[in-house]
Amino acid sequence: MKLIMAIVSNDDAGNVTTALTDNGFWVTRLATTGGFLKAGNTTMIVGTEDDKVEHCIEIIGSQSERRKEIVTAMGEMGRYAEYPVEVTVGGATIFVLDVEQFRKM
């Protein structure tokens, strides 16, 4: 058995959750924050059998593709100035962990 932890953008979380549950996976969602933009994201936890890990990862990847966005950054050039910056957002960071024991009570 494996534990999959996937960190996705809040913008993609609903689609990822729907796709996973439509394919028979049980998902626990946690609201998290982090990354370069300090933007909200969602960490999803999925427990599954070893032979279903790749299918789960494919679903997550298909629903959380990377894209470019323009954000306002603040820099210092003698004084603070705001300027637009193109950044890549979306995608997923996925961890797959071995599960020594699983119990549902």
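Across the range 67-77, which residue is modelled with the highest pLDDT among those that are of a type in the set (A, V, I, L, M) and touching a strand residue (DSSP E or B) at 6+ places or on another chain (Cβ under 9 Å)? Here the answer is ILE70.
For the range 20-40, residues that are modelled with pLDDT of 95 or more and either touching a Ser or Thr at 6+ places or on another chain (Cβ under 7 Å) or of a type in the set (Phe, Trp, Tyr) (or both) total 5.
Restricting THR48, THR33, THR17, THR43 to those that are in contact with a Lys or Arg (Cβ under 7 Å, 6 or more places away or on another chain) and closer than 23 Å to ARG67 by Cα reduces the list to THR17. Counting only strands (runs of 3 or more DSSP E) that sit wholly inside the range 1-66, those with at least 1 residues that are at positive phi and out of contact with any strand residue (DSSP E or B) (no Cβ under 6 Å at 6 or more places or on another chain) are 28-34. A Cβ distance below 7 Å, combined with a sequence gap of six or more or placement on separate chains, defines the contacts here; from the range 43-70, residues that are in contact (Cβ under 8 Å) with a residue 24 or more places away in the chain reach residues that are charged (D, E, K, R) in the pairs MET44/ARG29; THR48/LYS2; ASP50/LYS2; VAL53/LYS2; GLN63/ASP12; SER64/ASP12. Scanning the range 78-94 for residues that are modelled with pLDDT of 85 or more and in contact with a Leu (Cβ under 8 Å, 6 or more places away or on another chain) gives no hits. Applying the criterion of being surrounded by 14 or more Cβ atoms within 10 Å (Cβ to Cβ) and free of Cβ contacts under 8 Å to residues at least 24 places away in the same chain to the residues of the range 1-34, the residue that is farthest from the chain's Cα centre (by Cα) is VAL27.
The values are calculated or read from the model by the stated rules, or taken from the named source; none is laboratory data. This structure is a prediction, so every number in the text was calculated from the model and none was measured. Heads up, the Cβs are rebuilt from the backbone with ideal geometry, glycines too, and the neighbour counts pull from every protein chain shown.
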